[in-house]
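Below is one structure, written out as structure tokens; the observations come after it.
The values are calculated or read from the model by the stated rules, or taken from the named source; none is laboratory data. Everything quoted here is computed from the prediction, not taken from an experiment. Cβ: placed from backbone, ideal geometry, glycine included. Neighbour counts: every protein chain shown. Ligands, DNA and RNA are stripped out before the accessible areas are found, and what is left, the full protein with its side chains, is counted by its heavy atoms. Shrake-Rupley method; radii C 1.70, N 1.55, O 1.52, S 1.80 Å.
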Amino acid sequence: MEFADALQEVLDAASQPKQYPPGVTPISLSGAAIDTEGLKGRAWHESLTPAQEMVCRWVWENCAQHYEPWERFEVGFLYDYNTSHELAIWVRIAMVFKEFVKQHPSVNKQDVIGSLCRLSAGERVTQLRGGRANELTELWKQGVDGELQ
């Protein structure tokens with residue numbers, strides 16, 4: 001499978017309405033309180049699809065290697081009920097990361113990724129100072145056109 005095909009498959013899946021995997025009952029946080037004593041985190045998925053794994057590897061190689069080890073990064077996606085949606089966000093993070101680091105090669109890469117994670121969640125950049133925080137925020141808002149391979 002070519003990377004472009006894998007990316008297109010992930011982006012197509014990400015654009016679909018979020019659906020829970022078969023056999024999963026969503027928990028509503030509204031209404032009565034939920035007893036959290038016996039709750040344990042469980043993976044939604046056994047493994048990534050080949051397309052998801054290819055895109056996940058690309059994201060890790062292009063930015064997330066500065067964030068956490070491959071095994072931990074990959075496993076994190078098994079806990080997302082819409083893995084493709086989360087991967088699409090990370091593709092955007094990687095593209096903006098690559099562009100920003102190209103413009104500022106000496107910047108702390110972990111701070112950039114942390115900042116991009118905050119921006120993806122709708123929060124303000126706190127890891128970078130002054131003009132660089134504003135520049136990264138603008139780059140995130142505008143998006144980056146570029147070659148993905």
field: His85, His104, reordered so the largest accessible area comes first (probe 1.4 Å)
entry: His85, His104
task: Extending each Cα 7 Å along its Cβ direction at Lys102 and Glu71, get the distance between those two points in nm, one decimal.
output: 3.4
Protein accessible area in the range 99-149, 1.4 Å probe - carbon and sulfur %: 41
